[in-house]
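A.B. asks: Here you go, one structure.
The values are calculated or read from the model by the stated rules, or taken from the named source; none is laboratory data. What you see is a predicted model; the values in this text were computed from it and never measured. Cβ placement follows ideal geometry from the backbone for every residue including glycine, while neighbour counts extend to all protein chains displayed. These area figures cover heavy atoms from the full protein model, side chains too; ligands, DNA and RNA do not enter into them. Shrake-Rupley method; radii C 1.70, N 1.55, O 1.52, S 1.80 Å.
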Amino acid sequence: MELLCSQLQLSQIPDSVLLQFCSCLLSLSPALSISNATVLARSLFLGRILSLTTSASRLLRTAFISFCAKYTYPFCRALLGPLLQAPGVGSAQTELLCSLMKDESLEPDTQVLLLEQVLELAWKEETFLVLQALLERQITEPQRLHLALVLEPNTTFLRKSLQSALRLLSR
């Protein structure tokens, strides 16, 4: 799959073609395997998003969010961690990830998986902003409890801020 993606130069297709290609991928039956979806996520989005210097186009944003909604686990493996941990991640990348976290089309199970992935990452400003965007959505009681458990052993400077945000959400 990696060789195919490389040969087709999927990382360089225009955003309009990317959206059409993603629409075709999302309609496949049976769905892609986790390993193929992971390779495709990396090939289609990682380089493109890391190279953003301005806000993502509407087409890129739509393709990105719809791919994540269908292939959440491969998305997390291939993109979420690498995007938040890459050196030089800026406001364009953070804005795109925050818009994903706030998207109404994401199912609660998808939100939980995204939350778990974000909480496992090393803490830095971009991570906090993406987590905050996810927390701004209504988070269920099990999700709040899970977050509280994960935050407890965390010793970063953000712990108290996140615990305060969690208390506000619980009211």
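A.B. asks: Identify, by number, the condition in (1) surrounded by 15 or more Cβ atoms within 10 Å (Cβ to Cβ); (2) over 21 Å from residue 97 (Cα atoms) that residue 4 doesn't meet.
C.D. replies: So residue 4 meets the others, but not (1).
A.B. asks: Give me a count of the residues in segment 118-131 that are under 21 Å from residue 88 (Cβ atoms) and surrounded by fewer than 20 Cβ atoms within 10 Å (Cβ to Cβ).
C.D. replies: Here the count works out to 7.
A.B. asks: Hey, any hits in segment 60-70 for a residue that's open to solvent by 10 Å² or more (accessible area, probe 1.4 Å), of a type outside the set (Phe, Trp, Tyr) and at pLDDT below 90?
C.D. replies: Within segment 60-70, one or more residues are open to solvent by 10 Å² or more (accessible area, probe 1.4 Å), of a type outside the set (Phe, Trp, Tyr) and at pLDDT below 90.
A.B. asks: Out of 126, 116, I need the residue that is charged (D, E, K, R), modelled with pLDDT of 75 or more, in a helix (DSSP H, G or I) and touching a helix residue (DSSP H, G or I) at 6+ places or on another chain (Cβ under 7 Å). Which one?
C.D. replies: The match here is 126.
A.B. asks: If you scan segment 95-113, which residues turn out to be part of a helix (DSSP H, G or I) and either of a type in the set (Asp, Glu) or open to solvent by less than 10 Å² (accessible area, probe 1.4 Å) (or both)?
C.D. replies: Within segment 95-113, 95, 96, 97, 100, 101, 109 meet the criteria.
A.B. asks: From (1) farther than 28 Å from residue 36 by Cβ; (2) modelled with pLDDT of 75 or more, pick out the condition that doesn't hold for residue 80.
C.D. replies: All conditions pass for residue 80, except number (1).
A.B. asks: Got at least one residue in segment 23-41 being open to solvent by 30 Å² or more (accessible area, probe 1.4 Å), touching a Ser or Thr at 6+ places or on another chain (Cβ under 7 Å), modelled with pLDDT of 90 or more and part of a helix (DSSP H, G or I)?
C.D. replies: The answer is yes; a qualifying residue exists.
A.B. asks: May I pose another question? Go through the residues of segment 57-72 one by one and say whether even a single one is of a type outside the set (Val, Ile, Thr) and at positive phi.
C.D. replies: No, because not a single residue in segment 57-72 is of a type outside the set (Val, Ile, Thr) and at positive phi.
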